[in-house]
Amino acid sequence: MDIDPQIAETIVSNIKGVIRHEINLFDTSGTIIASTDKSRVGTSHDGARLAVETKQTVSIDDEHQFEGARNGINVPVLFNGSVVAVIGITGRREEVEPFGNVIKKMTEILIRENLEQITRFDQRMMTANLINMLTLRQYDAGFVNYLASALNIDLGRRRLAAVGRFVGAGAAVTTGDGLHAIFQTRCGGLEHSMFSVTAREACLFLDDADVPDPIAFLGDIQADVSKTFHRQMSFGVGRPTDQADSYWRSYGEACRTVDWLLFSHQKNVSSYDDLDYGMFISSIPGDDAERFVAHVFEGLDDHEIDDFHTTFDAYTRHNGSIIHAAEDLFLHKNTLQNRLNKIARKTGYNPRVLKDYSVLDAAFTLRDYLAFRQA
């Protein structure tokens, strides 16, 4: 096993703070890869190589010399029974020998901690790659199976997708690590579920056996996120599916659900089946939605459409009451009626006719939803 030079440098710096001697860290070929004396990096000697071969501390003094070596001791560092490095302490043998066992243990602990950290990071990246692949309708099955095998994940289980995104402006947090820690605390003990987190959103594939009530489970995570970041995160939940090659469908439903929650300013957790009107609006392909909006508002500029929308919203909020809608807009009721008539004249759809009202409502909503998605 080779130690990354950056990790070696960190280890040397930590040990240097304990004793007042020069410290060298050798790889298993006997070459110095990190040192408190930068001029020695890249040099090597037989004393370190002998420590690797014998797994024993090698002392260097006037009676025991090795070419290129300075007086001191070279202590082999073990990991899982094998020598992974040699730590060298430069100085008079009788001064540095008492530090040998302590420095050895410290180095082994630091190496173990760094390797465990690297392992966790590798698993995190592999999980993120696996989840990214599973969100696609078509993916490299060989690569997905390799990642699942390496992570010991059974892709034949029933799972549903959940997507969490921050509410409001400045949607991303400054770092994803704190967010990841929250999800790790809640999800780390789940046997068959998996998650990935960025500074902007979280994606989870939750197993039925692990999480029988996903809405409540995600609600707890939502509370943790709010407490830590003082930000609200909405979660959309797709429908469960039994096969990995259809996880993308659940993911798409989760994305549409959370998008609708953010669009409609809902700071909660919702499943796709509970979207009602949002299920209809979010399912219309973008090109078709643009064509529909353009047809309804043909010949109108954005300013006119915005003015019509203000009138229409007030009329909607007050369930078609001319008097209350006019009061809401600080208008005379005749003025409001004239504006409603203008909408009918300009668009060909009368807000006071139920069939036409439905068309206008869908057009205004789709126009806003398209702008939200583009933003």
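Structure summary
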read-out	value
Distance between modelled label sites at residue 303 and residue 137, nm, 7 Å Cα→Cβ extension	4.2 nm
The stretch 284-374: translational diffusion in µm²/s, Stokes-Einstein, Kirkwood Rh over Cα pairs, 10 °C, 1.306 mPa s	118 µm²/s
Cα lying deepest toward the dipole's positive end in the chain, options 315, 252, 369, charges on Cβ	315
Calculated P(r) over Cα pairs in 10 Å bins from 0, in percent (choose from (i) 5, 22, 32, 27, 11, 2, 0; (ii) 5, 21, 26, 22, 16, 8, 2, 0; (iii) 5, 18, 17, 14, 15, 12, 7, 6, 4, 2, 0, 0), label	(iii)
Inter-label distance for residue 20 and residue 279, nm, one decimal - labels placed 7 Å from Cα along Cα-to-Cβ	7.6 nm
Cα gyration tensor shape of the stretch 268-337, rounded if a/c is under 1.5, else prolate or oblate by comparing a/b with b/c	oblate
For the stretch 123-202 and the stretch 266-289, distance of Cα centres in Å	23 Å
Potential extension, residue 266-residue 78 segment - 0.36 nm per residue separation minus Cα distance	62.2 nm
Separation of alpha-carbon centers, the stretch 296-350 and the stretch 244-263, rounded to whole Å	34 Å
Radius of gyration and Dmax over the Cα atoms of the stretch 61-136, both given in Å	19.6, 68
Span-like helix ranges in the chain, DSSP H, alpha carbon extent 20 angstrom or more, Kyte mean at least -0.5	100-134, 214-229, 247-263, 354-374
Positive dipole terminus of the chain, leading residue within 295, 182, 57 (C-beta point charges)	295
Mean shadow area of the stretch 166-246, taken as a quarter of the surface of its Cα convex hull (nm²)	5.5 nm²
Cα-based Lys pair tally, the chain, threshold under 27 Å, eight or more apart or on separate chains	15
Fraction of beta bridges assigned by DSSP in the stretch 135-282 that are antiparallel (%, nearest 5)	85 percent
Relative intensity, log₁₀ I(q)/I(0), of the stretch 135-282 from a Debye sum that treats every alpha carbon as a point, q = 0.10, 0.11 Å⁻¹	-0.33, -0.40
Theoretical FRET efficiency, 1/(1+(r/R0)^6), r = Cβ-Cβ of residue 53 and residue 119, R0 25 Å, to 0.05	0.35
Neighbour-limited loop hits for GluC sites (Glu not before Pro), the stretch 271-331 (at most 16 other Cβ within 10 Å; DSSP other than H, G, I, E, B)	298
FRET efficiency, residue 358 to residue 209 (Cβ-Cβ, R0 41 Å, nearest 0.05)	0.40
Cβ-derived FRET efficiency at R0 25 Å, residue 102 paired with residue 39, nearest 0.05	0.45
Shape of the stretch 208-315, Cα gyration tensor, a/c cut at 1.5	oblate
Helix-only CD estimate at 222 nm, as mean residue ellipticity for the chain, using -39500 (n - 2.57) per DSSP H run (n ≥ 4)	-16500 deg cm²/dmol
Shape of the stretch 5-117, Cα gyration tensor, a/c cut at 1.5	rounded
Sequence ranges 140-150, 226-236, ranked by mean other-Cβ count within 10 angstrom, highest first	226-236, 140-150
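Readers should treat all values here as calculations from the given coordinates under stated rules, not as data from a laboratory. Since the model is a prediction, treat every value here as computed from it, not as a measurement. Reconstructed Cβ throughout: ideal geometry from the backbone, glycine too, with neighbour counts over all protein chains shown.
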